[in-house]
Amino acid sequence: MANLAITNILEKMTGKDKDYRYMATSDLLTELNKEGFKPDADLEIKLSNIVLQQLDDAAGDVSGLAVKCLAPLVKKVRDPRVLEMVNKLCDKLLNGKDQHRDIASIALKTIISEIPSSSVAQSVLASISPQLIKGITGPEMSTEIKCECLEILCDVLHKFGNLMASDHELLLCALLLQLSSNQASVRKKTVSCIASLASSLSDDLLAKATVEVARLLKNKGTKPEMTRTNIQMIGALSRAVGYRFGPHLGASVPVLINYCTSASENDEELREYSFQALESFLLRCHRDISCYCDEILHLTLEYLSYDPNFTDNMEEDSDDEIHEEEEDDESANEYTDDEDVSWKVRRAAAKCLAALIVSRPEMLSKLYEEACPKLIR
């Protein structure tokens with residue numbers, strides 16, 4: 001009787017009336033969520049096919065319900081059906097129509113979130129990994145496809161990173177290449193993806209990732225936006241692996257300190273990201289960073305009062321009156337406080353200083369020695 005009811009529901013799901021399709025999909029979701037529901041082999045095929053078909057429904061509310069059906073469906077069907085659905089969705093993501101890409105991505109994320117860490121996970125990972133790498137590195141792939149694949153891979157690595165050891169080097173090489181992408185959205189998602197991968201990398205592969213990012217940072221010919229991405233990547237790596245990043249501080253800290261002091265006045269983000277990375281080093285690698293603490297202390301104190309727009313050369317009142325008319329004429333082009341983001345540098349320096357004191361309490365006395373004379377002046 002249960003299978004007969006499902007068959008009637010499936011027939012209604014293919015009807016021409018949108019409302020009927022919606023109600024039938026809602027009924028299917030209810031059936032799938034019943035604990036006692038267990039489809040036979042033939043019904044499994046029908047269910048997986050019809051749900052995938054409904055993902056492309058012109059009515060958004062119908063396709064949205066179809067996505068919700070995937071979560072319980074993955075738990076009801078056997079492993080071959082799950083693998084088949086994943087492969088079809090990957091093909092839709094990489095080769096399908098643009099309007100179906102978003103829903104295919106959401107559907108894949110839904111399935112990945114519901115897959116248990118069992119034999120089906122190994123099969124899915126073996127199948128999905130090369131397809132996602134193709135989507136990320138393929139020269140013919142659009143920015144949108146790359147971003148979707150990076151998001152999905154990030155979810156996969158976050159949940160199953162430890163099960164993908166055989167693919168770690170291949171994945172890392174593919175992702176490191178994307179740090180030099182011309183698209184900011186691709187670089188941003190790549191940083192998150194490598195961070196998710198880093199926690200399960202071997203020491204050798206972690207060293208390889210760090211050496212490559214440090215090399216990119218030392219390259220003076222790198223575009224400023226690329227440099228900012230690589231600084232964020234260094235910070236993300238240390239946050240992901242904690243104390244394991246300690247051996248790589250020698251290749252990272254001096255470069256970041258140099259960027260803090262040598263960046264142009266217009267590149268506040270670069271200083272901010274550098275301080276954020278230093279903060280992460282202090283909190284997660286407090287033993288290995290001890291030899292840099294004095295230098296970091298001086299740096300943070302210097303930038304606590306950082307304000308490139310401040311000047312103490314006050315003009316005479318008479319000069320103000322003389323130029324008042326000219327200033328009124330040029331008021332439209334004047335610099336405003338809304339454009340001033342130097343406060344982000346001061347905030348990042350303050351948080352870095354706090355991290356220094358938390359991780360190295362003995363630096364507190366040096367802080368007083370450095371700061372008090374400045375306060376008195």
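The values are calculated or read from the model by the stated rules, or taken from the named source; none is laboratory data. From a predicted model like this one, the values you see are computed outputs, not experimental measurements. Because the Cβ atoms are built from the backbone with ideal geometry, glycine has one as well, and the counts that use them run over all protein chains shown.
Flag: Leu153 does not match the condition of being touching a Phe, Trp or Tyr at 6+ places or on another chain (Cβ under 7 Å), among the hydrophobic types (A, V, I, L, M, F, W, C) and in a helix (DSSP H, G or I). Filter region 164-199 down to residues that are aliphatic (A, V, I, L, M), at pLDDT 95 or above and more than 21 Å from Ile231 (Cβ to Cβ) and give me whichever is surrounded by the fewest Cβ atoms within 10 Å (Cβ to Cβ). Across region 164-199, the extreme among qualifying residues is Leu170.
The residue list Leu65, Leu10, Leu47 contains one member that is among the hydrophobic types (A, V, I, L, M, F, W, C), more than 32 Å from the chain's Cα centre (by Cα), over 26 Å from Leu132 (Cβ atoms) and part of a helix (DSSP H, G or I), which is Leu10.
Among what's in region 235-249 and is of a type outside the set (D, E, K, R) and out of contact with any Phe, Trp or Tyr (no Cβ under 9 Å at 6 or more places or on another chain), pick the residue that is farthest from Ser192 (Cα to Cα). That would be Pro247. Of the candidates Leu297, Leu278, Leu270, the single residue that is touching a Lys or Arg at 6+ places or on another chain (Cβ under 7 Å), farther than 16 Å from Pro361 by Cα and surrounded by 15 or more Cβ atoms within 10 Å (Cβ to Cβ) is Leu270. Screening the candidates Gly161, Gly242 for the property of being part of a helix (DSSP H, G or I) and under 29 Å from Leu94 (Cα atoms) yields one hit, Gly161.
Tallying residues that are more than 12 Å from Ala107 (Cβ to Cβ), of a type in the set (A, V, I, L, M) and part of a helix (DSSP H, G or I) within region 50-62 yields 2.
Return the residue satisfying two criteria in turn: it lies in region 103-124 and is free of Cβ contacts under 8 Å to residues at least 40 places away in the same chain and within 24 Å of the chain's Cα centre (by Cα), and of such residues it is farthest from Val67 (Cα to Cα).
So the first thing to find is which residues in region 103-124 are free of Cβ contacts under 8 Å to residues at least 40 places away in the same chain, and the list is 106, 116, 118.
Next, from what is left, pick out any that are within 24 Å of the chain's Cα centre (by Cα): 106, 116.
Working: Ile106: 8, Pro116: 18 Å.
In this case the residue turns out to be Pro116.
Take the conditions (1) more than 30 Å from Thr137 (Cβ to Cβ); (2) not in a loop (DSSP other than H, G, I, E, B); Glu35 misses just one of them, which is (2). Selection of region 129-150 for residues being touching a helix residue (DSSP H, G or I) at 6+ places or on another chain (Cβ under 9 Å) and part of a loop (DSSP other than H, G, I, E, B) yields Gly138, Met141, Ser142. Out of Ala126, Ala207, one residue alone is part of a helix (DSSP H, G or I), at pLDDT below 95 and either touching an Asp or Glu at 6+ places or on another chain (Cβ under 9 Å) or within 18 Å of Gly235 (Cα to Cα) (or both). It is Ala126. If you go through region 21-40 and keep only what is surrounded by 13 or more Cβ atoms within 10 Å (Cβ to Cβ) and at pLDDT below 90, you end up with Phe37, Pro39. With respect to the conditions (1) touching a residue at least 40 places away in the same chain (Cβ under 8 Å); (2) surrounded by 15 or more Cβ atoms within 10 Å (Cβ to Cβ), Gly161 falls short on a single one, namely (1). Please find, within region 121-155, the residue that is farthest from Lys189 (Cα to Cα) out of those that are surrounded by fewer than 20 Cβ atoms within 10 Å (Cβ to Cβ) and among the acidic types (Asp, Glu). Restricting to residues being surrounded by fewer than 20 Cβ atoms within 10 Å (Cβ to Cβ) and among the acidic types (Asp, Glu), the top hit is Glu140. Taken together, Lys88, Lys92, Lys38, Lys75 contain a single residue that is within 26 Å of Ser117 (Cβ to Cβ) and touching a His at 6+ places or on another chain (Cβ under 8 Å), which is Lys92.
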